[in-house]
Every structure is written in structure tokens, then in C-alpha cells.
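These notes are about the structure you will find just below.
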Ligand SMILES: *Cc1c(COP(=O)(O)O)cnc(C)c1O
């Protein structure tokens with residue numbers, strides 16, 4: 001029997017997160033206040049987000065940040081997550097490469113998002129907040145936040161994009177099961193929602209409308225804070241638990257990755273698995289390669305531009321320095337809903353600019369083909385988002401067939417796809433397609449990037 005699974009003992013689980021901001025040779029440029037055009041201050045952020053998250057967001061100094069005891073206790077419900085050597089997948093590809101995956105689907109909610117939902121709710125509770133609010137597209141973040149809110153005794157209000165609420169009904173059922181109030185956005189419950197509906201009664205909703213409503217609720221309700229599940233620095237910080245565990249587990253396996261791969265929406269699971277290894281490239285001259293796998297239909301890393309842009313469609317958020325396709329970019333309705341975001345986080349954007357990583361864009365059909373192969377070899381049905389990482393891994397592993405290289409490849413399995421079965425059904429029936437973009441499409445959406 002081949003040994004294939006590595007799990008850490010309870011006393012070996014990391015007790016600190018890793019903050020790559022402290023080690024980056026070039027720090028990200030500051031986020032800019034949209035009205036004053038001045039760098040954003042801690043106070044600007046603290047109106048909206050829990051104070052501790054704001055501190056973490058701007059912390060360029062501390063490399064290691066203690067995980068609060070109460071959060072560690074909750075992490076232990078499902079951590080460590082397994083690191084698995086994918087022998088069956090290797091065999092099916094016929095590659096000499098050694099493929100490992102970190103399985104972040106093994107937790108109550110089925111994706112990595114819980115790793116940041118727990119600390120965000122904990123910090124909110126600590127500072128006397130009673131309510132948290134957020135937006136969710138496909139629903140994974142809303143589900144993780146609803147669970148974390150119930151764990152720490154907070155009320156959660158989630159604005160879910162109206163159209164995905166209908167497309168993925170089980171995700172709202174999950175949120176309601178954990179006690180959250182779920183509202184389809186745009187709704188009549190906020191000023192912003194009313195304005196949108198008045199203008200367009202049949203508006204299907206977007207992350208932009210949902211963000212506007214959630215932020216409005218947070219700013220107009222006492223003791224209510226807003227939370228975000230990707231893009232921001234503090235979210236990537238919380239996700240570093242993935243890579244820190246993986247580093248120890250790779251040691252148990254007696255190997256070190258030549259290549260680290262993750263799918264890419266705003267960058268939190270990529271940063272989570274990659275940054276702890278990247279620190280050895282920055283500090284110790286290691287030569288590990290880092291690949292972020294994005295959809296062909298939303299290619300901000302491979303075809304976007306580095307620019308100050310808004311984080312939301314409506315243009316309410318601060319201006320962030322990032323690779324972007326333009327904040328009013330309307331991605332095709334692909335099944336990897338968690339990857340349909342126009343921009344990349346500030347840290348990842350700077351690292352890409354400085355050549356520490358690269359992006360690769362993958363057509364939808366190739367991701368489902370990869371997802372099916374993974375399911376049939378490793379027995380886990382991956383989230384359509386995660387299948388982008390699997391497809392990128394298969395591409396790299398195939399290169400090794402030609403070169404004969406026994407490359408060590410580590411990818412992050414960000415979630416399972418058990419509530420995405422209608423997507424698989426459509427793929428198997430031959431009803432899915434690819435969506436590629438012309439240069440003109442991209443030029444058009446880049447027009448929404450503000451002049452600075
Ligand atoms: C949200 C989500 C993603 C994309 O978000 P990142 O912040 O880029 O990690 C990827 N996979 C799954 C399963 C998700 O839920």
C-alpha cells in the first residue's frame with residue numbers, strides 16, 4: 001500500500017498566521033480614498049470593518065500574527081486538513097511528476113472560506129458588535145460567514161445576488177439553516193437597492209449591487225460590521241494557515257514543491273497556499289514556481305492591466321492598486337461563480353508585477369474535463385472553481401512526461417462541488433461552452449478604469 005495522506009497532530013497546527021507584507025521587497029501601493037484621493041487610513045476602514053481586521057489590513061511590519069485562542073479552538077474542529085499524494089491522478093496522466101493536493105474541502109462548509117469567516121466574526125464579537133453583514137455571489141462566502149456568525153453568537157445578514165439565489169438555491173438554504181437572514185439583491189430593504197429597482201425593476205443583481213446594500217446596512221445600523229471573503233490583505237493573512245500546514249506536511253512527505261498552484265478569484269486561497277512557500281523564494285533564494293489559475297472568461301491576471309480601480313461595480317469602495325479588467329467588467333455566466341471577479345488583491349497584484357508568480361487562463365470545458373478526471377481518480381468531486389487549479393496542474397504534469405522530470409507539484413483543492421451538481425449535469429450532457437474574449441471586449445471594459 002502506498003502511503004498517501006499526511007495529517008498534523010493537534011499540537012502541530014500552526015498558532016500564528018504568516019503576513020507576507022512584512023517580507024515583500026516592494027510593498028503594495030496604498031489604497032486611495034475615492035473622494036479625497038488621499039491614502040486610506042485605519043479610521044476610514046474602521047467605520048465599516050472590525051477594527052482588528054483593519055489593523056491587519058495595513059500591517060507591513062509583523063511577519064507573524066498570533067491566531068486568537070478562541071479561533072484556534074474552532075479551527076481544530078476541522079484542522080489540520082489532509083495533504084494527499086494523488087497517486088491515482090498521476091497514474092491516469094502518466095506523468096513522472098509527484099502531485100500533492102491540500103484538501104480544504106474537508107470542513108463543515110466545504111470550502112476554504114471558513115478559515116477567514118471564523119476570525120472575522122471572532123474579532124467583530126470581541127469589539128462588541130452584534131451583527132455582521134456581507135454579500136455573496138455563488139454563496140460559499142455567505143455560507144461560511146453564516147456558520148461563523150452562529151459559532152460566535154452574532155446575527156448575520158447576507159445579500160445574495162438575486163439571480164444566483166435562484167440558480168443555487170441550496171446555498172441560501174444552508175445560510176438559513178445556520179440562522180442567517182438572506183436577502184436577494186437588489187432588494188427594497190436599502191436605499192441603494194430601492195434606487196436600483198426603481199431604475200430597473202427586473203435587475204438580476206450583481207456583486208456590485210449586493211456590496212452596495214451590505215455596506216449601506218453596516219454603515220446605517222449600530223453595532224453592525226461588514227465582512228469580505230476575498231481580495232483584501234487580512235483575508236489572505238487568515239488563509240495562510242493552509243500553506244503553513246502544507247509546509248509541515250510536505251516535510252513529513254520528505255519533499256518540497258517545485259510548483260504551487262491554486263485557482264484565482266480575488267486571491268485568498270492562492271495567497272493562502274502560496275505565500276508561506278513564497279517567503280522562501282524572497283528570503284532564501286528558493287526557486288519554486290507559483291501559478292494562479294483563472295477562467296479564460298475573466299482573465300485579469302493574464303490580460304488585465306495594473307491600475308488603480310474600484311473594488312465594486314458601482315464604484316463605492318476605495319481605489320485599489322490591482323490587476324483589473326475594469327470595475328464594470330461583466331464576466332460570462334460560467335459555473336465557477338467564485339472566480340467571476342474583475343480584479344486581483346493588492347498583494348498578489350504587486351507580486352505578479354514583480355515576477356514572483358504568473359497567471360494562466362483556462363477555458364471552462366477544460367476545467368470540467370479536469371474535474372471529472374479528478375473525481376474518477378481521487379474520489380472527490382471538486383468545486384468548479386477548484387477545477388481550474390486541477391486543470392493547471394494537469395497541464396504542468398503533462399509537460400513532465402516530455403521532459404521526464406519528477407517535478408513536485410502542490411495544488412490547493414479550495415472546495416468540493418457537491419452542491420454544484422447541476423453544473424456537472426450540464427457538462428456531462430454537453431450543454432456547456434467556452435467563453436473567450438476578444439481584444440475589443442477587454443479594451444471596452446478597461447474604459448471603466450478611472451483616470452488617476
Ligand atoms: C470563493 C472561492 C474561490 C475564489 O476565491 P479566492 O479568494 O480567489 O480564493 C475559489 N474556490 C472556492 C471553492 C471558493 O468558494
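Taken together, the values in this text are just the output of simple stated rules run on the coordinates, not laboratory data. All values derive from a computational prediction rather than experimental measurement. Counting neighbours? That spans all protein chains shown, and the Cβs are built from the backbone with ideal geometry, glycine included.
Shape class of segment 274-409 from the Cα gyration tensor (axes a ≥ b ≥ c, square roots of the eigenvalues): oblate, since a/c reaches 1.5 or more and a/b does not exceed b/c.
Ranking of 188, 278, 446 by neighbouring Cβ atoms within 10 Å, starting from the fewest: 188, 446, 278. Given contacts defined as C-alpha pairs under 8 Å and at least six residues apart, what's the relative contact order of segment 51-150, whole-number percent? Once normalised by length, the contact order is 26 percent. Apply 1/(1 + (r/R0)^6) to the Cβ-Cβ distance of residue 33 and residue 91, taking R0 = 45 Å, and write down the FRET efficiency to the nearest 0.05. FRET efficiency, residue 33 to residue 91: 0.25. The relative contact order of the chain, computed from alpha carbon pairs under 8 Å that lie at least 6 residues apart in sequence, is 19 percent. Computed from Cα atoms, the angle from the helix 386-403 axis to the main principal axis of the chain rounds to 30 degrees. For the chain, the longest principal axis of the Cα atoms and the long axis of helix 233-253 meet at an angle of about 10 degrees. Does segment 403-449 come out rounded, prolate or oblate by the C-alpha gyration tensor, with a ≥ b ≥ c the root eigenvalues, rounded set by a/c under 1.5 and, if not, prolate when a/b is larger than b/c and oblate if not? In terms of gyration-tensor shape, oblate. Please work out the C-alpha center-to-center distance from segment 303-343 to segment 140-218 and express it in whole Å. Using only Cα atoms, the two centres lie 19 Å from each other.
Sorting 64, 141, 42, 17 from the fewest to the most surrounding beta carbons within 10 angstrom yields 42, 64, 17, 141. Stokes-Einstein diffusion for segment 144-215, with the hydrodynamic radius set to the Kirkwood value over Cα pairs and evaluated at 20 °C in a medium of 1.002 mPa s, equals 173 µm²/s.
Here the ratio of the Cα radius of gyration of segment 1-100 to 2.2 N^0.38 Å is 1.61. Using only alpha carbon pairs under 8 Å that are at least six residues apart, calculate the relative contact order of segment 279-324 and give it in whole percent. In percent, rounded to a whole number, it is 29.
Which FRET efficiency value, to the nearest 0.05, do you get for residue 252 and residue 44 by plugging their Cβ-Cβ distance into 1/(1 + (r/R0)^6) with R0 = 41 Å? Here the calculated transfer efficiency is 0.40. Per residue of the chain, the DSSP helices (runs of n ≥ 4 H) give a summed -39500 (n - 2.57) that works out to -12500 deg cm²/dmol at 222 nm.
Exposure proxy ranking for 133, 403, based on other Cβ atoms within 10 angstrom of each Cβ and starting from the fewest, stands as 403, 133. In this rough spin-label picture, where each label sits 7 Å from Cα along the Cβ direction, the residue 7-residue 395 distance is 3.4 nm.
Need one word for segment 73-176: rounded, prolate or oblate. Basis is the Cα gyration tensor (sqrt eigenvalues a ≥ b ≥ c); a/c below 1.5 gives rounded, then a/b vs b/c decides. Oblate is the answer for segment 73-176, as a/c is 1.5 or above yet b/c matches or exceeds a/b. Between residue 189 and residue 287, residue separation times 0.36 nm minus the direct Cα-Cα distance comes to 30.1 nm.
Beta bridges from DSSP with both residues in the chain: antiparallel share about 35 percent, rounded to the nearest 5.
All distinct Cα pairs of the chain go into the 1/r average, and the inverse of that average, the Kirkwood radius, is 21.8 Å.
Between 0 and 90 degrees, the angle of helix 140-151 with respect to the longest Cα principal axis of the chain falls at about 80 degrees.
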